[in-house]
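Colleague: Structure incoming, see below.
The values are calculated or read from the model by the stated rules, or taken from the named source; none is laboratory data. All of these numbers come straight from a predicted model, not from anything done at the bench. Every residue, glycine as well, gets a Cβ built from its backbone with ideal geometry; the counts of neighbours run over all protein chains shown. The accessibility values were calculated without ligands, DNA or RNA, using every heavy atom of the protein model including side chains. Shrake-Rupley method; radii C 1.70, N 1.55, O 1.52, S 1.80 Å.
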Amino acid sequence: QVELHIEETWQASEQAVGEVISRMPTDAQLIAITFSYFGDSITPVDEKGEALYSMLPGFCGRSYREVRTIADKLGADTYAKITGNTLTTLSTPSKIMWLKNNHPDIFAKTAAFYSNQQYVMRKLGLGDVQDRTMAARKLALDVKADRWSAPILELAGVTEAQLGTNIVESSTVVGRVDHYGNVRLPYAVPVTIGCHDVSASLLSAGVAVDDPDPIGVLMGTYEQMGYFSDEFVDGCNDFGDSLIFSCCYSSPFKNKYTVMDAFPTAGALLEWFCKNILHDPNADIGKLIAETDLNDTSSLYVLPYVENFHGAILGMSLSTTTKDIFRGILESLAYQFVACVDYIRSTSKTTFTKLHFGGGGSRTDKLLQLRCDLINAPLGRMENIELPSLGACMLAGLGNGWYKDVVDASQHMVNKVHYFYPDTENGTRQLERYNEYKALSAEYLGRK
């Protein structure tokens with residue numbers, strides 16, 4: 001079970017805004033506030049918008065029993081066709097059902113189930129408002145019909161009002177504020193509501209609204225990639241129990257979808273290694289990666305399926321070291337990336353030729369080069385890797401009328417790209433290991 005305290009998150013954002021204001025150059029002008037958010041999280045609140053229980057983040061797996069209930073009563077395929085998302089414990093309806101089953105007193109008092117976006121908007125005095133992407137990431141929205149799904153609401157035991165009926169476009173200016181919580185701003189500025197971090201990242205990675213080339217990739221706690229589509233992609237694939245999941249949900253733009261594929265144990269698994277193997281939660285991951293030889297061969301494989309209690313290390317001997325395990329983790333995450341690329345390629349009628357990376361995980365050349373070698377295609381790292389924030393700023397530019405359309409915003413704001421090119425020799429060697437990894441995974445997960 002994983003919990004985050006939404007009020008601590010809010011206070012951290014207050015501190016961050018205060019630091020930004022204090023560091024602004026004297027010749028800079030604050031012209032707007034905008035947001036990107038991680039999704040698939042839920043917080044029960046009372047009539048005043050105050051939290052009644054901790055935030056249940058998407059990566060918390062406590063609601064696995066409730067997921068089975070949804071599968072039994074509604075069907076995983078039906079759920080995927082409604083929400084555009086694989087049925088997993090990411091499902092916020094399953095977390096709402098968990099709350100009802102385990103804390104019925106809190107469930108009975110809950111006036112609304114807020115996303116992080118709704119909580120922040122309420123704190124700013126802008127009301128119970130959300131954009132279309134974050135509404136979709138509650139995973140109870142019929143994304144094709146653009147309304148809450150009656151069968152899912154009935155199963156979860158909630159109403160439309162509890163999930164929120166004030167849903168706006170992602171570039172909408174929802175009001176003006178002269179304070180961000182306890183932080184006083186120099187003057188009143190417009191607030192653009194913003195959107196889900198993945199959709200924002202695609203914008204700032206240079207992904208065109210009308211063309212799925214390049215594919216945008218955000219590397220962080222999750223590693224996720226995607227593009228925008230005119231059509232709903234029906235065919236969510238959870239790759240068995242491997243926790244590679246795919247989805248097609250509302251984009252920041254009307255009549256467009258965000259097609260995304262991801263795996264949830266990327267940065268989180270590296271943090272686990274530092275904390276539980278090295279017993280040093282403050283270990284320098286960048287230094288560890290720099291000291292790892294990813295061109296070497298090994299008999300050790302890591303199966304990184306830890307969110308379903310299916311993680312494993314295969315091929316250990318008495319000579320296995322922590323460095324071997326760390327290298328195995330890095331390789332396994334690259335292999336999960338390849339599986340995501342294979343799936344994304346299968347969803348698009350147009351062949352893409354490039355991938356553009358950002359996020360904290362993209363800082364390290366070695367990780368990008370390994371992925372480049374494996375898929376045998378150029379990979380680009382954006383000069384500004386803070387993709388969600390930059391994408392949100394693009395939406396603010398649209399909402400405030402500074403740019404006429406996405407193309408105009410992209411030409412003014414999307415930054416340079418540094419490309420990596422494949423090493424064929426290493427790619428051939430790693431593809432052999434990848435194929436063996438897939439076979440081992442299939443056999444192992446089949447037994448589970």
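Colleague: Starting from the Cα gyration tensor of the range 46-163, take the square roots of the eigenvalues, sort them a ≥ b ≥ c, and report rounded, prolate or oblate (rounded when a/c is under 1.5, otherwise prolate if a/b is larger than b/c, else oblate).
Modeller: Taking the square roots of the gyration eigenvalues as a ≥ b ≥ c, the range 46-163 is oblate.
Colleague: If the cut-off is 18 Å between C-alpha atoms, which lysines fall inside it for Lys81, apart from same-chain ones fewer than 8 positions away?
Modeller: Lys73, Lys138, Lys144, Lys256
Colleague: How far apart, in nm, are the 7 Å Cα→Cβ label points at Glu19 and Val168?
Modeller: 2.9 nm
Colleague: Another question, then. Could you pull out every one of the lysines with an alpha carbon less than 29 Å from that of Lys275, ignoring same-chain neighbours closer than 8 positions?
Modeller: In chain and number order, the partners are Lys95, Lys287, Lys323, Lys366, Lys438, Lys448.
Colleague: Hey, can you find the accessible area per residue of the chain for me, probe 1.4 Å, expressed in square angstrom?
Modeller: 43 Å²
Colleague: Determine the equivalent ellipsoid of the range 314-448 by diagonalising the alpha-carbon gyration tensor, then write out the semi-axes as square roots of 5 times the eigenvalues, largest first, rounded to whole Å.
Modeller: 36, 17, 15
Colleague: In square angstrom, rounded to the nearest 10, how much accessible surface does Tyr37 have for a 1.4 Å probe?
Modeller: Tyr37 has an accessible surface of roughly 20 Å² with all protein chains in place.
Colleague: Something else about it: Using Cα atoms only, what is the angle between the long axis of helix 387-399 and the major principal axis of the chain, expressed in degrees (0 to 90) to the nearest 10?
Modeller: So the helix axis and the longest Cα principal axis differ by about 30 degrees.
Colleague: Using a 7 Å offset from the Cα along the Cα-to-Cβ direction at both Ser319 and Ala283, what is the distance between the two label points in nm, to one decimal?
Modeller: Calculated label separation equals 2.2 nm.
Colleague: Counting only protein heavy atoms and using a 1.4 Å probe, what share of the accessible area of the range 271-373 belongs to carbon plus sulfur, as a whole percent?
Modeller: 52 percent
Colleague: Still on this structure, I have one more. Find the all-direction average of the projected area of the Cα convex hull for the chain, expressing the result in square nanometres with one decimal place.
Modeller: 21.3 nm²
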